[in-house]
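First comes the structure, then the notes that go with it.
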Amino acid sequence: MMIEQFPWLTVIVLLPLVAALLIPLIPNKSGKTVRWYALGVGMADFVLMSYAFWQHYDASQATFQLAEKVVWLPQLGLSWALSVDGISAPLVLLAGFVTTLSMFSAWQVDRRSRLFYALMLVLYAAQVGVFVAQDLMLFFIMWEVELVPVYLLVCIWGGQNRGYAATKFLMYTALASIFILVAALGMGFYGDTLTFDIAELGLREFPLGLELFLYAGLLVAFGVKLAIFPFHTWLADTHGEASSPVSMILAGVLLKMGGYGLIRLNMELLPHAHVYFAPVLVILGVVNIVYGALNSFAQTNMKRRLAYSSISHMGFVLLGIASYSDLGVSGAMLQMLSHGLIASVLFFLAGVTYDRTRTMMMNQLGGLGEAMPAVFALFTIGTMASLALPGMSGFAGELEVFVGLATTDIYSSTFRWVTVFLAAVGLILTPIYLLSMVRQVFHGASADQMCDLVPACDLNDLDLKAQGNQEANCFGTDCVLPEQAEFKDANLREIFIAVCFLGLIITIGCYPKVATQMYDVKTVAVNTQVRAAYHEVFPDALQPLAQGQWSPTIAEAQSADVWGVVK
């Protein structure tokens, strides 16, 4: 009985946060104690969430589970309310898995290591908090808390343009998150009682005008985090300057927070507005896919190429969310999980390569396959997963999205097939820019010589900065310069981390039910709700979009509501 009443989610959220506050008390003379401590906390939290979901989460139920609620400020309707369902549970596990391995990948950090691992643990707690928050204001608070450690991690341990990249990240995401606050207040204050409980807000019927207004604001907020065109420019700059462990979390977890928000708030709470915006999401998804793929070709920096690849892959999430099909929404979820694993391992292996060569510029690399065969093999497998090779998780997710969108009965056949064709063009471009990256880095010879830099490891060294080499930054006190690079192959720790990711990628690719069984019931329920809203918008026509319209028109009475609310 006590086990059933145990506050699992509260412990899962607060354990990394409390552990981060205790780091200053840990003796760390050797520089190794704090990293073992942080890794132990991350592993303990991941094991705890895995056990809680295995024993107390029922995937056959679409309702919120493991619910915990403590009234915080009743006058303002605020509460510490946590729960999980099919949308949040797999993303919580993804956050725990990626963040724990990213801390293990940061083993060489010995400069300000206390602060680094404390920030990583705070980021761990904030990510999980976003996914399990059932109170909309608590969701916003966790969303904001997550920004601080990412900003500091990029600003302190990033490249020479780290200040610019960190500031751009903070401005984009912080300004966009204001729309979440406005939407939360709008939904919370509407009606007779003040509440921010997501389950209760889901039962309210908002005027269409208010729904459209709130949906547009949330689309901007989540679009920035998901790196939807044209709100995407922060992503490549941040990845280009962030250390690889931080890039793993950025691509593996933080992008998925945008997709989660679109499903949780836009689809679930504002289904009628989703009917109007769904065709817009399809168009934005296609733009993301093609634009991201084309921009990847122009990148000579390995991490920036992977960043634009992430932008392209997030387009499939938008297509699935807007597909009006059970298979499409399921594919969007699988694509988020799959990309979280694939992008994390690719950014990790890019970091492993950088540790040896001290450059991310592909025109300065070449022929590394012979010197580092293990890194070459692991990177190639990760690349195959990213380009959706059958048997890999990327193939399963993108196939579900394609089939879901192609078979939906909502859009016209012309619209569907044009969309599928353009998305397929992006899919064809993906292996070209990824395989060319593998060829350039691991085969052939370097086109340019390594830059000659004065031997210095001080980040504040003006002589080093004056050389203009954007890749020469010191992650720890043991840093080396490009001409001093030793081309050692991956060690056991690095192989273990990569195998953990690749093993799960292949498992999901061969047997997708490992992942889909956690959320299928919930995604079907969400899509059923959206389709019901669609038929409410069109009570006299079964398939108005299939008859040639791209988006429904607002009736005169509904239009009056729009202007009444917005003005």
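The values are calculated or read from the model by the stated rules, or taken from the named source; none is laboratory data. Just so it is clear, the model here is predicted, and its values are computed rather than measured. Glycine also receives a Cβ, built like all others from the backbone with ideal geometry; neighbour counts cover every protein chain displayed. Protein only, heavy atoms only, side chains kept; ligands, DNA and RNA dropped before computing areas. Shrake-Rupley method; radii C 1.70, N 1.55, O 1.52, S 1.80 Å.
Of note:
- With distances taken between every two different alpha-carbon atoms, the stretch 102-177 has a Kirkwood hydrodynamic radius of 13.2 Å.
- At R0 = 30 Å, FRET efficiency that the Cβ-Cβ distance of Ala371 and Val499 yields, to 0.05: 0.90
- Potential lengthening between Leu76 and Trp54 on full extension [0.36 nm per residue; Cα-Cα distance subtracted]: 4.4 nm
- Anisotropy class of the stretch 264-373 from Cα gyration tensor, a/c 1.5 cut: prolate
- Using the 1.4 Å probe convention, the accessible area of the chain works out to 37 Å² per residue with neighbouring protein chains retained.
- Modelled spin labels at Ser412 and Ala424, positioned 7 Å past Cα toward Cβ, are 2.0 nm from each other.
- With the convex hull constructed from alpha-carbon coordinates only, the stretch 33-192 shows a mean projected area of 11.1 nm² over all directions.
- Taking all protein chains together, Glu205, Glu268 sort by accessible area into Glu205, Glu268, largest first [probe 1.4 Å].
- Cα centroids of the stretch 120-145 and the stretch 206-221: 22 Å apart.
- Protein-only accessible surface order, largest first, of Glu536, Glu68 at 1.4 Å: Glu536, Glu68
- Added length on full extension, which subtracts the Cα-Cα distance from 0.36 nm per residue, Leu25 to Met171: 49.2 nm
- Value of [θ]222 nm, deg cm²/dmol, for the chain, DSSP H segments ≥ 4, -39500 (n - 2.57) each, nearest 500: -21500 deg cm²/dmol
- Here the calculated FRET efficiency for Phe538 and Val403, from their Cβ-Cβ distance with R0 = 30 Å, stands at 0.75, rounded to the nearest 0.05.
- Amide H contacts of Asp197 (H built 1.01 Å from N, under 5 Å, at least 5 apart or other chain): Leu136
- Nearest-10 value in Å² for the accessible area of His339, using the 1.4 Å probe: 10 Å²
- Local electrostatic count, Gln335, Cβ distance below 14 Å [Lys/Arg +1, Asp/Glu -1]: -1
- For the pair Ile178 and Phe6, the difference between a 0.36 nm per residue extended length and the Cα-Cα distance amounts to 58.5 nm.
- Volume per residue of the convex hull around the Cα atoms, evaluated for the stretch 1-97, comes out as 133 Å³.
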